[in-house]
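Input: a single structure, listed below in structure tokens.
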Amino acid sequence: MRSTISGVMSKRVDQQFKRLSTVYLERHRRSTWTVWTLQYATEVPRVLRSSSSNCCCNSTVVIFGVIVSVDTNISYDSTGKNLLAPALEKLGIWNVRQGVCSKTLSPSPASCGPSLAITSVASSPSSLVASGYADGSIRIWDSIKGTCDTTLNGHKGAVTALRYNKLGSFLASGSKDNDIILWDVVGETGLFRLRGHRDQVTDLVFLDYGKKLVSSSKDKFLRVWDLDTQYCMQIISGHHSEIWSIDVDTDERYLVTGSADPEIRFYTIHHELVDRQPSFNPEGTETVSSGDSAKNKWEVLKLFGEIQRQSKDRVANVRFNKSGNLLACQVAGKIVEIFQVLDDAESKRKAKRRIHRKREKMAKGAPEATENGDSNPVPGEEGRVPVVIVSDVFKLLQTLRASKKICSISFSPATPKSSLATLALSLNNNLLEVYSVESSTASKTFAIELPGHRSDVRSVTLSSDNTLMMSTSHNTVKIWNPSTGSCLRTIDSGYGLCGSFVPGDRYALVGTKSGTLEIIDIGSGTCVEVVEAHGGSVRSIVMTPDGTGFVTGSADNDVKFWEYQIMQKPGQDSKHLTVANVRTLNMKDDVLVVAVSPDAKFIAVALLDCTIKVFFLDSLKPFLSLYGHKLPVLCMDISSDGDLIVSGSADKNMKIWGLDFGDCHKSIFAHADSVMAVQFVGNTHYLFSIGKDRLVKYWDADKFELLLTLEGHHAEVWCLVVSNRGDFVITGSHDRSIRRWDRTEEPFFIEEEKEKRLEEMFEADIDNSFESRYALKEELPEEGAVALAGKKTKETLTATDLIIDALDMAEEELKRMSQHMEDNAIGRVTTFQPNVMMRGLSPSDYILLALSSVHTNDLEQTLLSLPFSDGLKLMSYLKDWASIPDKVELVSRIAIVLLQTHHNQLVATPAARPVLIVLKDILYTRIKECKDILGFNLAAMDHLKQLMSSKSDALFRDAKTKLLEIRSKHSRRLEARTDTREEKRNKKKQKRTAGA
């Protein structure tokens, strides 16, 4: 509500408001795009939305400038041609050979909730890709189609680890909530939750063809889980700090762990007996120590040895390549140590040479050793077969050093012909690099760097026709097409803090941290001149309304006025733009922001002493001094009619001032952190504000109301620019992204937006409800525990309400049907009118339809929220559904969950006994029939496989694998043809040059 002022001021403001609204409404009648009109109604005619906003309906958004996120990993797909690089909430698929982003996977605009960054990604042996998000959700993508197949909800914290098994049928996920969940990718449901770690799960790996799972955590322990029995069968200690990464080679011989310890630990893997034949020891020399056989059975991992690392930083990633002959150890710095993994024969030879050298050394020093009585036997000297140690298998090949800190690494599954492997790196400066690893060196083949800035986006500005956008960073200036998000020019510069296009859009100005003004030629993409403008950093550049010059404000306490000039350099025909200082206004403190009124009457200067000084632009005489902010003013803007000035400060407040008398109309607590930029929409009193709290807010400066809150950025928002027409807004952030928020045709009402904000607060507090807050929390046993995979979400609560409504509606319908039958028996013959809401279905079919519409992953949590009375009603319908062949699995899942949840009440309720007896007779029979059918089909497929193998000399292989091999061979042939053509062309060129 508008703050109270004096009667004279109130009358004047009301008259001025009515006059302005009349002008703007008249302008709206003349123009079709000026829709930001001042009016007394509460309806705002347009909505700004982003796909990352939680109420997105029909809007478009362009998010560009981010190549790869910092807090996530990268991964190659199964073919090795594409690199998966998460970019905040989007997943970019980069063609490694062409260096372009061929596809972008992003959540649909209709998905609820604010945008959440991808925290982990994993690729399956097929075309499926899994991405984990900061809210604990997991999305399964089809990388070929570019569509999201399913969304899995189970974790309460950010997903930190994802790993597929070899077949790609199961997916294991670890999270910051210390839990591990095993997902059935085919069935799109969670199987079970493994609990036992006391801190964040950092990595996961499958063993024994998916029968076992090894997990690492920041609690310094490794845990080996038996997935068949869902039990933790081994806990491995010994690490002195957090374990950050684990991996296993392709043959599952060794498991390697990386932590903050100065060494890398290696473990040998003991496999179970397969077909009553013992598995081979990876060294081929040591035998299992004699002892209790039961103890050896549970000892899956056995310490093999340690290798000292060269770097003192903690290990971030350890990864084997697909062939298993290379191991990369990436530390939390700029170094990747690459080890060569020797095979059994080479490791044995190396062990023999090591023992032979040690014997020679001991032979030379034998007399001295006998005198001192310290002669020690050589390990393996007494036995004929040498013992292989870890240094005999793993040999440091080389050390790769990057230009910046490395965030993640990934080996390509495709082995190149000319090198040992291809290794991709993601750096913390928004950069992707690909290296070719050879035996002696690692050479960088290419880097993906043009589409984004290397550091924060400090300023954004638009050209006069909104067709070009300029952004500045610590060392580059980039010119963008704001409609497509494509980078047109990249120009080296200083640390740009502000910028602006020169009228005509042929040149641009950039103010730097060193106090210089850089004049950029847009057409050639070069810096034509650097002007030493100030003695301190240039904080603000603002154009004068007449278009003949501009004003700069600096930390050297000066406000300088500049004019444009055309200068021709001696000895050159071309002319270029230059600037000349015509006036200087000295202030008493650092100048932070400068704003010029559109009528060229006033200039406002914000100082470091938390005040705003307003001067007449022509005479530079003081007009007003605005006091009220408790911390320095970081941004301000003047409305198009020159009546209002808005200021944002580091004290988190935004103040709206009247420029005629300098009175503060309203002080608004705008953001949860410093307000970094404010700007009015042209010809209106609507304005946008951004802050360090990552939010973009849209305000009505006349009614002092918050209209919209736009969520999308994942870090502090630094800069803002509104288009001339007000149809889109562009923001730049610390997360290196540039986002364009488009105005849609969707009308909205302020009251509805307030209700939506309250609903969001309620939905966010689902887990902190009264029941959850005061429920008994069971202590986890030391050996681990198993729980349900899903979690309570808004979708599960909605599905529970739908099922309860369907049960109530079906009960009413059954009562009406029985009453109709009684009336017919008595003689009152009437026509039965079924309930239209049931869509012409019977009560049993209607409830089954409501259950079938529930997502597979949400079924358990949906049934857990059902009261006992409704659960008992639901169980009475299961006997009818069990006769439907394709619903046997659904009926079994419902029966198991309800029995486990309400076991005590079902036993104590006499009315439940007939239902349980009927289910016992029917359900077992139906499940046995389904198992028999599946077993018969599997046996028939095995028989067909044997028949096909007997008719062909080659071994029977999967058709899809064979198809992939044929495609790869075809692509190699095409590459060979292109290579031969290029060679022929080169030979012809050489002949021509030789003949000439």
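The values are calculated or read from the model by the stated rules, or taken from the named source; none is laboratory data. What you see is a predicted model; the values in this text were computed from it and never measured. Cβ coordinates were reconstructed from backbone atoms using ideal geometry, including for glycine residues, and neighbour counts include every protein chain displayed.
Some observations on this one:
- Here is the figure for the range 190-230: residues that are of a type in the set (F, W, Y) and over 17 Å from H271 (Cβ atoms) total 2.
- Only a single criterion out of (1) in contact with a Gly (Cβ under 8 Å, 6 or more places away or on another chain); (2) surrounded by 20 or more Cβ atoms within 10 Å (Cβ to Cβ) is not satisfied by V582, namely (2).
- Meets criteria (free of Cβ contacts under 8 Å to residues at least 40 places away in the same chain and among the charged types (D, E, K, R)) for K211: no
- Considered as a group, the residues in the range 445-463 that are in contact (Cβ under 8 Å) with a residue 60 or more places away in the chain and among the aliphatic types (A, V, I, L, M) include one that is farthest from V66 (Cα to Cα), and that residue is L462.
- Checked against (1) modelled with pLDDT under 95; (2) buried (at least 17 other Cβ atoms within 10 Å of the Cβ); (3) not polar (S, T, N, Q), D546 passes all but a single condition, namely (2).
Conditions (1) loosely packed, with under 14 Cβ neighbours inside 10 Å; (2) at pLDDT 95 or above; (3) out of contact with any Gly (no Cβ under 9 Å at 6 or more places or on another chain), marked per residue:
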site	(1), (2), (3)
T552	no, yes, no
T578	no, no, yes
V593	no, yes, no
A604	no, yes, yes
L626	no, yes, no
C635	no, yes, no
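- Condition met for I235 (farther than 30 Å from D343 by Cβ and either touching a strand residue (DSSP E or B) at 6+ places or on another chain (Cβ under 8 Å) or basic (K, R) (or both)): yes
- Taken over the range 844-880, the residue count meeting the criterion of being crowded, with 19+ Cβ neighbours inside 10 Å and among the hydrophobic types (A, V, I, L, M, F, W, C) is 10.
- Positions within the range 822-836 being hydrophobic (A, V, I, L, M, F, W, C) and surrounded by 11 or more Cβ atoms within 10 Å (Cβ to Cβ), in sequence order: F832
- Given (1) farther than 26 Å from G642 by Cβ; (2) at pLDDT 95 or above; (3) polar (S, T, N, Q); (4) loosely packed, with under 13 Cβ neighbours inside 10 Å, number of the condition Q572 does not satisfy: (2)
Residue-by-condition table, conditions (1) out of contact with any Lys or Arg (no Cβ under 8 Å at 6 or more places or on another chain); (2) not β-branched (V, I, T):
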residue: G515; (1), (2): yes, yes
residue: E518; (1), (2): yes, yes
residue: I522; (1), (2): no, no
residue: V528; (1), (2): yes, no
residue: M543; (1), (2): yes, yes
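- One residue stands out in the range 701-736 among those that are farther than 18 Å from G452 by Cβ and without any contact (Cβ under 8 Å) to a residue 60 or more places away in the chain: the one that is nearest to the chain's Cα centre (by Cα), namely T709.
- Condition check for D823: in a helix (DSSP H, G or I) and within 23 Å of V915 (Cβ to Cβ): no
- Taking the range 454-505 as the region of interest, the strands (runs of 3 or more DSSP E) fully inside it that hold 3 or more residues being surrounded by fewer than 17 Cβ atoms within 10 Å (Cβ to Cβ) are 486-492.
- I243 closer than 25 Å to V786 by Cβ and either modelled with pLDDT of 95 or more or surrounded by fewer than 22 Cβ atoms within 10 Å (Cβ to Cβ) (or both): yes
- Of all the criteria given as (1) closer than 24 Å to D251 by Cα; (2) free of Cβ contacts under 8 Å to residues at least 60 places away in the same chain; (3) of a type in the set (A, V, I, L, M, F, W, C), the one not satisfied by L182 is (2).
- Some residue of the range 399-408 being surrounded by fewer than 17 Cβ atoms within 10 Å (Cβ to Cβ), assigned to a strand (DSSP E or B) and not acidic (D, E): yes
- In the set (1) of a type in the set (G, A, S); (2) surrounded by fewer than 16 Cβ atoms within 10 Å (Cβ to Cβ); (3) modelled with pLDDT of 85 or more, S769 fails one condition alone, (3).
- When residues of the range 924-954 are limited to those that are in a helix (DSSP H, G or I) and of a type in the set (G, A, S), the one nearest to V888 (Cα to Cα): G935
- Tally of residues being at pLDDT 90 or above and farther than 14 Å from H155 by Cβ across the range 203-214: 7
- Within the range 415-448, considering residues that are surrounded by fewer than 19 Cβ atoms within 10 Å (Cβ to Cβ) and either among the β-branched types (V, I, T) or assigned by TED's automatic domain parsing to the domain that holds N481 (or both), the one modelled with the lowest pLDDT: T415
- Restricting the range 438-453 to residues that are touching a Ser or Thr at 6+ places or on another chain (Cβ under 6 Å) and assigned to a strand (DSSP E or B), the residue that is nearest to N724 (Cα to Cα): T445
- Count of residues meeting criterion [surrounded by 24 or more Cβ atoms within 10 Å (Cβ to Cβ) and over 15 Å from C719 (Cα atoms)] in the range 671-680: 0
- Applying the criterion of at least 2 residues that are of a type in the set (S, T, Y) to the strands (runs of 3 or more DSSP E) found wholly in the range 526-577 leaves 549-554.
- Flag for L207 being under 17 Å from N857 (Cβ atoms) and over 19 Å from the mean Cα position of the chain (by Cα): no
- The range 127-178, subset in contact (Cβ under 8 Å) with a residue 60 or more places away in the chain and part of a loop (DSSP other than H, G, I, E, B), residue surrounded by the most Cβ atoms within 10 Å (Cβ to Cβ): H155
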